[in-house]
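J.: Dropping the structure in here first, questions after.
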């Protein structure tokens, strides 16, 4: 699965100049870390999800030099129905996300920090919502390797002295 994720992220960039290609920082359990220009990120694919509608669903934590903390980004497997909540669950803790269409994020910096803390010790991350056709969407991610991938991304994008 990780090899498929890495290939899906890197192959589209092969037509671009060499400097624009994401640099792999390593694969860690179910997660991988990359540096892409000025940003770094830890990313994974869902362990279980309904078939996506023409895009690749993922969960990621993006990190930018000079910015404190990372930012959660979820690409849903199906487009979210307007007005439907997006809930993220990590081992019994529930967080409400914000967003629209096929993307969701933590509501604010505090929620981002709480989610990332829970990801470091959690086993599973589940994202649930309703799709535009009214079907339940339930994307399941395994968190094994998430903490190490997040740390690798943070170190790679740490401000240089």
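The values are calculated or read from the model by the stated rules, or taken from the named source; none is laboratory data. Keep in mind that what you see is a predicted model, and the values were worked out from it rather than measured. Every residue, glycine among them, receives a Cβ derived from its backbone with ideal geometry; neighbour counts consider all protein chains shown.
J.: Out of the strands (runs of 3 or more DSSP E) lying entirely within region 95-150, which hold 2 or more residues that are in contact with a strand residue (DSSP E or B) (Cβ under 8 Å, 6 or more places away or on another chain) and farther than 16 Å from residue 71 by Cα?
T.: In region 95-150, the matching strands (runs of 3 or more DSSP E) lie at 124-130, 136-142.
J.: Checking residue 153 against (1) surrounded by fewer than 19 Cβ atoms within 10 Å (Cβ to Cβ); (2) touching a strand residue (DSSP E or B) at 6+ places or on another chain (Cβ under 6 Å); (3) within 16 Å of residue 43 (Cα to Cα), which single condition isn't satisfied?
T.: (1)
J.: Which one of these does residue 46 not meet: (1) over 25 Å from residue 118 (Cα atoms); (2) crowded, with 23+ Cβ neighbours inside 10 Å?
T.: Exception for residue 46: condition (1).
J.: Okay, next question. Can you spot a residue in region 75-95 that is surrounded by fewer than 17 Cβ atoms within 10 Å (Cβ to Cβ), more than 20 Å from residue 144 (Cβ to Cβ), touching a helix residue (DSSP H, G or I) at 6+ places or on another chain (Cβ under 7 Å) and in contact (Cβ under 8 Å) with a residue 24 or more places away in the chain?
T.: Scanning region 75-95 turns up no residue that is surrounded by fewer than 17 Cβ atoms within 10 Å (Cβ to Cβ), more than 20 Å from residue 144 (Cβ to Cβ), touching a helix residue (DSSP H, G or I) at 6+ places or on another chain (Cβ under 7 Å) and in contact (Cβ under 8 Å) with a residue 24 or more places away in the chain.
J.: Report, by residue number, each residue of region 55-67 that is in contact (Cβ under 8 Å) with a residue 40 or more places away in the chain, farther than 11 Å from residue 44 by Cα and in a loop (DSSP other than H, G, I, E, B).
T.: Passing the criteria: 55, 64, 65, 66.
J.: Can residue 155 be described as at pLDDT below 95 and in a helix (DSSP H, G or I)?
T.: Yes; evaluated as a whole, the condition is true for this residue.
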